[in-house]
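Heads up: the structure comes next, in structure tokens.
The values are calculated or read from the model by the stated rules, or taken from the named source; none is laboratory data. Please read these numbers as outputs of a predicted model, since none were measured by experiment. Please note: Cβ atoms are built from the backbone with ideal geometry, for glycine as well, and neighbour counts cover all protein chains shown.
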Amino acid sequence: MGLVLAALGYIIAAAIGGSPETGWLGILIASAIWLIMTLVSFTSGDQILLASSRAAPVTPEVHPQLFNIVEEMKIAAGLPKMPNIYIINDPAPNAFATGRNPQNASVAVTAGLLTRLNRDELQGVIAHEVSHIVHRDILFVTLAGVLLGSVVLISQVFLRGMVYSSMSARRYSSRGSSRGGGGQALLMLLAVLLAILAPLFTQLLYFALSRRREYLADAGAARLTRYPEGLASALEKIAQQDIPMESANQVTAPMYIANPLRGKKYLNLYSTHPPIEQRIRILRNMSQGASLADYEQSYRSVTHKAGMIPQSALSKETVSIRPPSTEKTDPSSLNQIRAMGDLMRKVNGFKFLTCPCGVILKIPPNFPTGKAQCPHCGHVLSVS
């Protein structure tokens, strides 16, 4: 991807300058654009992603089980610091991790995910995101995304400039004749072709990288939880909810555990994620164990392709599959909607008071007085 960016800068600068010697200036300009975008991504990229996703930071009191599971996976993965935890007010079940290193990591899950998954399934999703943190996938995807963004930016600026310049063709033709005509015309043709093809080629590389990292995170999740069925069942529930996320776009889509733009259909080459049905089959085919080697064997059996995990990471460790937990979720859609609403009220600072008659009062954070009256029995409760 870096070579594509350098070639694009060289050809465009050479075409505009009318000489191959000016191409080196284009490489410098392209490198400067990439460097600036990289610095922005490293210093505030995670906060931009969290803000654009409308993720709200939460405390253990809001969702104790979520914090407990994140802490479990933090210990299992050997992370040096507990990731920050966020909840997104969105009914679509999904999650992502962000942060340039394990010391500055965050995990965000949607309200729809928390109200639909049981403990084993939620643990599988969190383990998947923690695996991204351990593997530093966020760093790789960020660097690749910045390169892709730089290529697209330079290509768009050049092509738009060509459109505007075509309005004064006489002036440009006279300039071309004074600079040797045919040579510059050839360079300009090459620049236009490269400006059209470079973003497409770079996107293919970017999406291929994203798909590979998802497989590796699935393998890491199976190993951390010792229960591949947990993640498989979670992915199955996520796939059943064909609801695109409102705050997601093609730039942020690779960060999520499942494609948040599922309402839109893409060819496999232009998909940010592997086919979710294939991911489920690989996990459920892991009947012998939950190690990376077991995942590798299952991947080859299901896909009939070469291995996905580097040989250096494949050890002879034995990771036995644990039995499932006994906790279940309420399948009622109405109860899930109510649970989602109560969860987001807690995120937004609502206080929940239980009246002696059994009615639960939901007090907004800007409640004007220190007392609230139960609408059922008339009992007055103190609002601290």
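Listing for the model above:
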{"item": "Candidate set: the range 55-101, residues that are within 13 Å of Val134 (Cα to Cα) and either at pLDDT below 90 or touching a strand residue (DSSP E or B) at 6+ places or on another chain (Cβ under 7 Å) (or both); chosen: the one surrounded by the most Cβ atoms within 10 Å (Cβ to Cβ)", "result": "Thr98"}
{"item": "Matching residues, the range 305-338, being part of a helix (DSSP H, G or I), among the hydrophobic types (A, V, I, L, M, F, W, C) and modelled with pLDDT of 75 or more", "result": "Ala313"}
{"item": "Pair list, Cβ under 7 Å, 6 or more apart: the range 40-59 residue in contact (Cβ under 8 Å) with a residue 60 or more places away in the chain and of a type in the set (Ser, Thr, Tyr), other residue assigned to a helix (DSSP H, G or I) and surrounded by 13 or more Cβ atoms within 10 Å (Cβ to Cβ)", "result": "Ser41/Thr142; Ser41/Val146"}
{"item": "Cross-chain or 6+ apart pairs with Cβ under 7 Å, the range 184-201 first and assigned by TED's automatic domain parsing to the domain that holds Tyr10, then modelled with pLDDT under 85 and outside any helix (DSSP H, G or I)", "result": "Gln184/Gly18"}
{"item": "From Tyr295, Tyr299, residue being aromatic (Phe, Trp, Tyr) and under 14 Å from Glu229 (Cα atoms)", "result": "Tyr295"}
{"item": "Sole residue being in a helix (DSSP H, G or I) and crowded, with 20+ Cβ neighbours inside 10 Å, chosen from Trp24, Trp34", "result": "Trp34"}
{"item": "The range 122-140 residues that are under 21 Å from Thr326 (Cα atoms), paired with ones that are among the hydroxyl-bearing types (Ser, Thr, Tyr) and part of a helix (DSSP H, G or I) (beta carbon under 7 Å, 6 or more apart)", "result": "Gln123/Thr225; Gly124/Thr225; Ala127/Thr225"}
{"item": "Any chance Met245 is part of a loop (DSSP other than H, G, I, E, B) and modelled with pLDDT of 80 or more", "result": "yes"}
{"item": "The lone exception for His379 - which of (1) free of Cβ contacts under 8 Å to residues at least 12 places away in the same chain; (2) more than 30 Å from Ala77 (Cβ to Cβ); (3) out of contact with any Ser or Thr (no Cβ under 7 Å at 6 or more places or on another chain) it fails", "result": "(1)"}
{"item": "Residue that is surrounded by the fewest Cβ atoms within 10 Å (Cβ to Cβ) [pool: residues in the range 1-21 that are in contact with a helix residue (DSSP H, G or I) (Cβ under 7 Å, 6 or more places away or on another chain) and not in a helix (DSSP H, G or I)]", "result": "Gly18"}
{"item": "Single unsatisfied condition, Leu50 versus (1) modelled with pLDDT under 80; (2) surrounded by 18 or more Cβ atoms within 10 Å (Cβ to Cβ); (3) within 25 Å of the chain's Cα centre (by Cα)", "result": "(1)"}
{"item": "Pair list, Cβ under 7 Å, 6 or more apart: the range 277-297 residue surrounded by 23 or more Cβ atoms within 10 Å (Cβ to Cβ), other residue basic (Lys, Arg) and outside any loop (DSSP other than H, G, I, E, B)", "result": "Ala290/Arg223"}
{"item": "Test: residue in the range 199-206 that is closer than 30 Å to His135 by Cα, buried (at least 22 other Cβ atoms within 10 Å of the Cβ), in contact with a Pro (Cβ under 8 Å, 6 or more places away or on another chain) and modelled with pLDDT of 85 or more", "result": "no"}
